[in-house]
Amino acid sequence: MNIPGVIDGKYRINITNIIGEGRFSHIYLSHDKSDEAQLRPLAVKVICLPKRKRKLGQKHLPDLIPTTLSHPNVGKILYSSTLNAKYDEEDYSLPVLVMEVYPASLNKYICTKRPSHDQRLHMLQQLYSVVNYTHSLHIVHYDLKPENIMVSEEGKLILIDFGLSRRIVN
């Protein structure tokens, strides 16, 4: 995929540094151009939908569900836009999401930090809280796994990647 190095003049993407990949996305390391002195790391998720879904005009992107959620354990989307890029020999306008970067996934955190039994119980309570919250809004994540649970520097769990999530209507 051929993408430009800056999104909307605001976020500089390090296109050589892919920090994550999913079935329909690539995640690049980025930073806010207006804050170049601090260079706070950010993640830019470029959503590469299959051709059949691109033609639908991306009317509903489950990844944008977090913009409607207000919970301390849901990863925040700081900015969303589209990016003109060349993909599969064609030009497309691909959705992009700018998010915070977290130091570790749940697996990595547990293996490297070795949290105590009480800390693990607290983490489980946070996970229960965020899943209970999303379910109370009839949103099912559908991809709940340790790789989609990040841990902040302070040890707070953050649920990310709502790409497969759906709002369940009765």
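All of the numbers you see were taken from the coordinates with simple rules; none came from a lab. Predicted model, so just to flag it, every value in this text is computed and none were measured. Every residue, glycine among them, receives a Cβ derived from its backbone with ideal geometry; neighbour counts consider all protein chains shown.
For the pair Tyr79 and Arg120 in one chain, pulling the backbone fully straight at 0.36 nm per residue adds 11.6 nm over the alpha carbon distance. Here the contact order of the range 107-170, divided by its residue count and restricted to Cα pairs under 8 Å and six or more residues apart, works out to 33 percent.
With the gyration tensor restricted to C-alpha atoms of the range 81-170, the semi-axes of the equivalent ellipsoid amount to 30, 20, 10 Å, longest first. Summing +1 for each Lys or Arg and -1 for each Asp or Glu among the other residues whose beta-carbon sits under 13 angstrom from that of Val101 gives 0.
Sparsely packed loop sites in the range 68-170 (the GluC sites (Glu not before Pro) outside DSSP H, G, I, E and B with at most 13 other Cβ atoms within 10 Å) comprise Glu89, Glu153, Glu154. Pairs to check: Lys45/Lys113; Lys10/Lys145; Lys76/Lys113; Lys33/Lys156; Lys10/Lys76; Lys33/Lys108. Give those whose C-alpha atoms are more than 20 Å from each other in this structure. Checking Cα-Cα distances, Lys45/Lys113; Lys10/Lys145; Lys76/Lys113; Lys33/Lys156; Lys33/Lys108 exceed 20 Å.
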